[in-house]
Amino acid sequence: MYRYDEFDQTFVAQRVAQFRDQVARRLVGELTEDEFRPLRLMNGLYLQLHAYMLRVAVPYGTLSSRQMRKLAHIARRYDKGYGHFTTRQNIQYNWPALKDVPDILMELAEVEMHALQTSGNCIRNVTADQYSGAAADEIEDPRICAEVIRQWSSLHPEFSFLPRKFKVAVTGAPHDRAAVAVHDIGIRIVRGDDGEVGYAVLAGGGQGRTPMIGKTVRAFLPKPYLLSYLEAILRVYNEFGRRDNMFKARIKILVHEVGIDEFRRRVEEEWEHIRGTAVEVPEEEVRRIASYFAPPTFARLPAVSEGFERQQRTDAQFALWARASLHPHKQPGYAIVNISLKPIGGVPGDATAEQMDIIADLAERYAFDEVRVTHEQNLTLPHVRQDDLYALWQELDAAGLATANINTVTDIIACPGLDYCNLANARAIPIAQKISERFGDIEQAHDIGELKIKISGCINACGHHHVGHIGILGVDKKGVEFYQLTLGGDATETAALGELVGPAFGYDDVVDAVEKLVRIYLGLRQENERFLDTYRRVGLQPFKEKLYAAH
Amino acid sequence: MPLIRNGRLADDPWTALADDAELPPTGAVIVSLARFRTEREVLFNRGAPLGIRLKSSELASEIGADAPRLDLIAIDFPVFRDGRGYSTARLLRERWGFAGELRAVGNVLRDQLLFMDRCGFDAFEVESPDAVAAWEKALAEFSVFYQPATDARVPARLQRLQRRAAS
Ligand code: SF4
């Protein structure tokens, strides 16, 4: 993975010093909260319902064991002993004291981490496929592109006061695990007609109150022009994005209002002026960055481990976990292992300091020292020998980290909602917990199959409800929490926005309604159909009728 | 309001002219873009320095090819969050060949000065009385930069190449 050199190290150290000075000015009252706000927001520090919240960047979701241990240490020393992994592959601490934040940032800098650009109207931390460098279907490791973008966007002097926040995601594989179509810019690494590797560039996707699927600005961008093209898009957005209304300020509204053809024309015109200029990243620098993402030294192994096969036959619990948690690895004899942060009845994405330490330890022993954070709020060990899976599983199980529910009905995404967030209309976490308990029988969950439930506590959609197979949105009706249900959303390469089923449900009824939807699906499904497939075949109507039918 | 130019507190010899104010026979004036448009020839032929003040919504292309003939362009930041002026500044400098004084006016805060400096501003109207000290501090806070801009600072990626070539 990427390692800081002296320049990167100096940069984050200077950033910490700058913020330490700003915090000091705030603490002595030289800065008012109003004046301090934009400064702290540029360092990922929010003021929430009860306390400050610090959001730490995990660039493209990749962590080393050393970094994970540091996250555990911070949770223990400066917070209440846990951290919360988010849908943007970051980690949030919900209870730091303002005076401690410069020290936290300094500790992070020691392990080459920061909280830069995890908030504010700037180019946010870049996300990527959590299976980067490991997935069998990958064209190229997207983290190389993501790291180039991370550096270019760091304190970009022109693009730090955009109309609104700006999120970029990169996928290196045709199967899109990074949800690039619902980002301000989505980049797909593709192979052109002559086999050349380049980028398909999408813009104008997003969730929030006006969800949109991103549109293709350029179907094929040759690799050397990555940064000039991004700079052209950002400049067009900076100049023409709406600033009169915060709710219409995202790039998706600009793309929608001027139309993709006009938007593309402006971008390409701007690009003509700057392509091939000093903004482009030199090839040698790309090679330098790429060298950090060279694959680890894998052992040469048979494609299938006999021991692993046997252990699955003899231990049903292990087999169940393996079925849910593993993903094919490009290297014979290896597997990608997902670690569920969704224990039955737990808070999605939370991990205790002890669990973080254990995972760091396991990554060191079994996975070439790497951990990934997924946008579905789980963790991944990207490179594990199949021979080691049984031992790994036992250790995970002992730490309460072996819930065999990845991709199932209890692998729920939920935003912080009313428990933490001052924008929330309704609670999200308790709904996730109740649904999780309702479907707590793991075998039953496997029978239901792949089902993505996503919950947001308000229309800002941090819980990605628009792209949930079942989306749950908290709304406020005269001071009472209600929940709207949407069906058929999808965040992958077949991206779609969910459709509203009908009238909202109250806090006490929404879990029953979700269960009913699942039952309706089970009644309708044909062989091997996932919830989403059935929904796409039969449409909204049968679900709607049965859901609201008097019982 | 204190004016910092090229790192020093400076006197301001410019008169900001309201749209309905009479054009003085001599002296450097700053006019709005609207006034510039209607009185372009008169203003250019006055034989005195000419500046234009742009609102944040007025983009670089609206001055366009006239940029090299101007002595000053002031770009307004009605609120620090409105970042259009950064693009306007870069484009005036890099695309339209503006070499005169590029002045940031309005809600110009010390924590923005480095960004502005990097985008080609060389003059700042600031509120704080200890402006120069703050300005110097703001510009010295970083020594590593990750992208080229209008300024001459060498981005980290080139420093890396240079270092490698030297070793
Ligand atoms: S979706 Fe709304 S409630 Fe949930 S975290 Fe985002 S802003 Fe807060």
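Brief remarks follow.
- A convex hull fitted to the Cα coordinates of the protein assembly as shown yields 178 cubic angstrom per residue.
- Counting neighbouring Cβ atoms within 10 Å and putting the fewest first, the residues A:His84, A:His327, A:His465 line up as A:His327, A:His84, A:His465.
- A prolate overall shape is assigned to segment A:413-547, the ratio a/c of its alpha-carbon gyration tensor axes (a ≥ b ≥ c) being 1.5 or greater and a/b exceeding b/c.
- Long-range HN-HN contacts of A:Glu450 with modeled amide H, under 5 Å: A:Phe531
- Dipole magnitude (debye, nearest 20) for the protein assembly as shown, charges at Cβ of Lys, Arg, Asp, Glu: 380
- Note that segment B:3-142 carries a Kirkwood radius of 15.3 Å, evaluated over its alpha carbons pair by pair.
- Over segment A:234-332, relative contact order from alpha-carbon pairs under 8 Å, at least 6 apart, %: 16
- Relative contact order (percent, whole number), chain A, Cα cutoff 8 Å, 6+ residue spacing: 13
- Listed residue pairs exceeding 19 Å between alpha carbons, taken from A:Lys223/A:Lys252; A:Lys454/A:Lys516; A:Lys434/A:Lys478; A:Lys165/A:Lys248: A:Lys223/A:Lys252; A:Lys434/A:Lys478
- Mean Cα-pair separation over length for segment B:3-142, i.e. relative contact order, pairs under 8 Å, 6 or more apart, %: 22
- Additional length obtainable on full extension of the chain from A:Asn528 to A:Asn422, 0.36 nm per residue less Cα span: 34.0 nm
- Sorted by Cβ neighbour density within 10 Å, fewest at the top, the residues B:Glu22, B:Glu101, A:Glu110: B:Glu22, A:Glu110, B:Glu101
- Taking the number of Cβ atoms within 10 Å of each Cβ as an exposure proxy, the fewest-first ranking of A:Arg536, A:Arg40 is A:Arg536, A:Arg40.
- With respect to chain B, whose longest principal axis is taken over its alpha-carbon atoms, helix B:84-94 is tilted by about 90°.
- Among B:Ala133, B:Ala28, B:Ala89, residue whose mean-square fluctuation peaks in a GNM of chain B (springs only between Cα atoms under 10 Å): B:Ala133
- Cα centroid separation, segment A:302-359 to segment A:78-121 (Å): 28
- Degrees between helix B:156-166 axis and first principal axis of chain B (Cα, 0 to 90, nearest 10): 50
- Centre-to-centre separation between the Cα atoms of segment A:192-216 and those of segment B:9-56: 46 Å.
- Global geometry of segment A:6-110, whether rounded, prolate or oblate, following the gyration tensor of its Cα atoms and the 1.5 cut on a/c: oblate
- Enclosing the Cα atoms of segment A:382-425 in their convex hull gives a volume equal to 121 cubic angstrom per residue.
Bear in mind these aren't lab numbers, they're just calculated from the coordinates by the rules spelled out. Worth saying up front: this structure is predicted, and the values here are computed from it rather than measured. Using ideal geometry, Cβ is built from the backbone for each residue, glycine included, and neighbour counts are taken over all protein chains shown.
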